[in-house]
Amino acid sequence: MYPTKSPDAACGKEGGTNIMALFKRNPNKIKLTHAERLYQAIIIIIVGLVTLTCLFPLIYVIGMSFTGQAEMVEKNYFVIIPENPTLLAYQTILKKSNFWSSFLISVFRVLLGVPAALLLTVPGGYVLANKQMPGRRWFMIYFIITMILGGGTIPTYLLMRDLHLLNTFWVYIVPAFGGAFNMLIVKLFVEGIPTEIIESADLDGASEMQKMLHIAVPLLVPTLCALGLFAAVGHWNSWFDAMLYIRDENLRTVQYVIRELLLSSGSAESLDSLGNTTLVITGKVTSEALKMASVVVALIPILCVYPFLQKYFIYGMYTGSVKG
């Protein structure tokens, strides 16, 4: 039997230390040339400038919403970070009598309108993606025509009247069912599902409903989240239909209330001798601060929802569905 040596003894205490230091110092690090480092620095600067350009309007709006009348007049209505922030503009908006009721109307509209927008879109897109469906081409032409040629304001109003939806909450929800554009988007993504997955489901004896619910819908989660986010933003920002179809103030959306507030604050504008618009200070709140505060109030719900859906815009649609 030969005497054995420990790894430290074989390499030597000093040698073992040098090997560990080598791994710590250079863990498969790729050395960059000066040109590559310069390229990365330029890219970082460009991305930073673009990010700053996108953030500056938001910072400006938030800063102006917290600015008092004296500071706003002193700085000629251009404030990024107010020295003496105030909540008077937000208090003016929140104290409006029907603000909270309209806020809840908009929340319920989004909660019901988004499922309504996807309820018929997914089955319609899945059916249109089936190339063996009889008359598939004519159905496609029909949906494209309805997408391009709308009925117009007056025919739509008459339709809502005949359906007895005027001055009801459901006038926000019923027109949201379906949607030709979203249906065509779902159709394109369903057509991109690998045929191997569909064939394996056919071998297992799955029905079309099972294939749609257990195969297509899970793979369409990123697409449905994107379409749902667009529908939510559309419902939240909508005010025109509230102006056309609603007479009950308790059924008005928050965007319509904010619009009325902006119009009332805009009535405080006057023209100077040169014909330029000059904002008049009403009380302790300027109309400009009210406008900026209303924009912030309208943005908060969307900013709260978007981070939860952001991952679906990052991950691929077929991540993990097909493995080689």
- [ ] Measure off, as a whole percent, the carbon and sulfur share of the 1.4 Å-probe accessible area of region 70-114, all protein chains present.
- [x] 67
- [ ] In whole Hz, with x marking every Gly and Pro, tabulate ³J(HN,Hα) for region 149-157 from phi via Karplus 6.51 cos²θ - 1.76 cosθ + 1.60, θ = phi - 60°.
- [x] 9, x, x, x, 5, 5, x, 5, 5
Task: Solvent-free Debye scattering, log10 I(q)/I(0), computed from the Cα coordinates of region 32-86 at q = 0.14, 0.15, 0.16, 0.22 Å⁻¹ - done: -0.52, -0.55, -0.58, -0.77
Task: Spin-label proximity, Glu208 to region 95-139 - amide N less than 17 Å from point 7 Å beyond Cα toward beta carbon - done: 120-139
TODO: Compare the Cα positions of Phe108, Gly192, Gly151 along the charge dipole of region 97-266 (+1 at Cβ of Lys, Arg; -1 at Cβ of Asp, Glu; about the Cα centre) and return the one farthest towards the positive end.
DONE: Gly151
Open item on the list: Relative to 2.2 N^0.38 Å, what does the C-alpha radius of gyration of region 97-266 come to as a ratio? Two decimals please.
Closed with: 1.25
Open item on the list: If amide hydrogens are placed 1.01 Å from N in the peptide plane, which non-local residues have theirs closer than 5 Å to the one on Thr67?
Closed with: Thr86
Task: Two-decimal ratio, region 32-181, of alpha-carbon radius of gyration to 2.2 N^0.38 Å - done: 1.73
Open item on the list: Output wanted: per-residue J couplings in Hz (rounded whole) for region 199-209, from phi through Karplus 6.51 cos²θ - 1.76 cosθ + 1.60, θ = phi - 60°, x for Gly and Pro.
Closed with: 5, 5, 5, 5, 5, 7, x, 6, 7, 5, 5
Task: Residue-wise HN-Hα coupling along region 165-171, computed from phi with Karplus coefficients 6.51, -1.76, 1.60 (Hz; x: Gly, Pro) - done: 9, 5, 6, 10, 5, 6, 5
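The values are calculated or read from the model by the stated rules, or taken from the named source; none is laboratory data. All values reported here derive from a predicted model rather than from experimental measurement. Virtual Cβ from ideal backbone geometry, glycine too; neighbours counted across all protein chains shown. Accessible surface is based on the protein model in full, side chains and every heavy atom, while ligands, DNA and RNA are left aside. Shrake-Rupley method; radii C 1.70, N 1.55, O 1.52, S 1.80 Å.
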